Amino acid sequence: MKIEGLTAKELKEIAEKVVTVSTAVGVKLLRRQRKLSDLKISTKEAQGVVSNADVEAENFLIKNLKPLIEEAEFLAEESAFKTYGSKKDALKKYKEKKFVWIIDPLDGTTNYLNNMDYFGVCICLAYYGEPVLGIVHRPATNETYCAIKGKGAFLFNTHGKKTRLKLVTNKKRLKDSLLVTGFACEKGEVFNKEFSIFKNMMKKSRGIRRMGSAALDICLVSQGIFDSFWERGLSPWDVAAASLILEESGGVVTNYNGRAFHPFQETIVGSNESIHKQVLAVIKS
């Protein structure tokens, strides 16, 4: 994919710097987590929670990512609604921009505030709404998932070892698969429909986990730990980086209707190619 104003070499150099930035944010979040009683907690617009750890991490990301591409704008979880008033307006505007950093400084806030280690830092560079660079860092294990459009996906572990993520189509059946999902925050009709899908999927699979961080869930699919992830109602900052990582590892990412996925859609399904159509069939049924 040709990106106007950015060479392949420059994108790779930026990726290396972003990995460093994400690791630094992770250190700050872990330090904050050790003193949970000091955090100020409020309610997010989307019926979740936000702490000053989220806000501080976002500010740090913006400060350190801004110099990498001066013309790039930001779509960030904690500030998007303040800037444009509604999710719909924010998404429409950012999709038209040449370069946008789509960031979630703390994906899995509820886990974080309950002293669980399953949370991540998500950073994506989008080119006219299409992810071209994705980084998801897991502070608790010091692991970083990284993907560049057309160049593959990699995992950097705590010892600095770089491993290529490569899913193998293994003819696996849905009934032998371990799945992972989440639920929309809003209750009512949407929740009821999603829970019906969950029950049907439970009957047809080996098991389902509900972990609390969509980004990490998708990354674990790219490792082959989980076989598929699906969810409705996520925002671009939840899925932009991770969806690219899964695609570049050889996985399949679509919406519920099986159409090519982009971060501004309402639904996402990401799977090993072996079972993707089977998962879609259950969702549609």
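For the stretch 174-284, give the share of DSSP beta bridges that are antiparallel, in percent and rounded to the nearest 5; count only bridges with both residues there.
On the way: 9 of 15 bridges.
So the antiparallel bridges in the stretch 174-284 amount to around 60 percent.
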Subject >> the chain - charge dipole about Cα centre, Lys and Arg +1 at Cβ, Asp and Glu -1, debye rounded to 20 >> reply: 880 debye
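What FRET efficiency do you get for ILE225 and ARG31 if R0 is 25 Å and r is their Cβ-Cβ distance, rounded to the nearest 0.05?
0.35
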Original post:
Quick one: GLU273, GLU96, fewest Cβ neighbours within 10 Å first, how do they rank?
Top reply: GLU96, GLU273
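Given the chain, what percent of its DSSP beta bridges are antiparallel, to the nearest 5?
Details: 41 of 51 bridges.
Here the share of antiparallel DSSP bridges comes out near 80 percent.
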Original post:
Whole-Å semi-axes of the stretch 151-285's equivalent ellipsoid, largest first, each the root of 5 times a Cα gyration tensor eigenvalue?
Top reply: 23, 17, 13
**OP:** Using label points projected 7 Å from each Cα along Cα→Cβ, tell me how many nm separate THR23 and ASN52, to one decimal.
**Re:** 2.9 nm
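For SER249, SER205, what's the fewest-to-most ordering of other Cβ within 10 Å of each Cβ?
Details: SER249 24, SER205 21.
Arranged by neighbour count, lowest to highest, SER249, SER205 become SER205, SER249.
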Subject >> Charge tally in the Cβ shell below 15 Å around LYS172, where Lys, Arg are +1 and Asp, Glu are -1, LYS172 excluded >> reply: +3
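Let me check against my output: what whole-number percent is the relative contact order of the chain, with C-alpha pairs under 8 Å and at least 6 apart?
On the way: 597 pairs, mean separation 47.1, N = 285.
Dividing the mean separation by the residue count of the chain yields 17 percent.
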**OP:** Among VAL18, LEU174, TYR128, flag the residue with its Cα farthest along the positive direction of the charge dipole of the chain, charges on Cβ as +1 for Lys/Arg and -1 for Asp/Glu.
**Re:** LEU174
Original post:
Using a cut-off of 26 Å between alpha-carbon atoms, which lysines can reach LYS92, once sequence neighbours fewer than 8 places away in the same chain are excluded?
Top reply: LYS2, LYS44, LYS63, LYS66, LYS82, LYS149, LYS187
Original post:
Quick one: Cα centre-to-centre distance for the stretch 95-163 and the stretch 230-274, in angstrom?
Top reply: 14 Å
Subject >> Computed FRET value (nearest 0.05) for GLU4 with HIS159, which takes r as the C-beta separation and R₀ as 45 Å >> reply: 0.75
Original post:
For the stretch 218-285, rounded, prolate or oblate, judged on the Cα gyration tensor with a ≥ b ≥ c (square roots of eigenvalues), a/c < 1.5 rounded, else prolate if a/b > b/c?
Top reply: oblate
**OP:** Could you work out the relative contact order of the stretch 115-167, using alpha carbon pairs under 8 angstrom and six or more residues apart, expressed as a whole percent?
**Re:** 23 percent
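Every number here is computed from the coordinates shown, using simple stated rules; none is lab data. What you see is a predicted model; the values in this text were computed from it and never measured. Cβ atoms come from the backbone with ideal geometry, glycine included; neighbour counts cover every protein chain shown.
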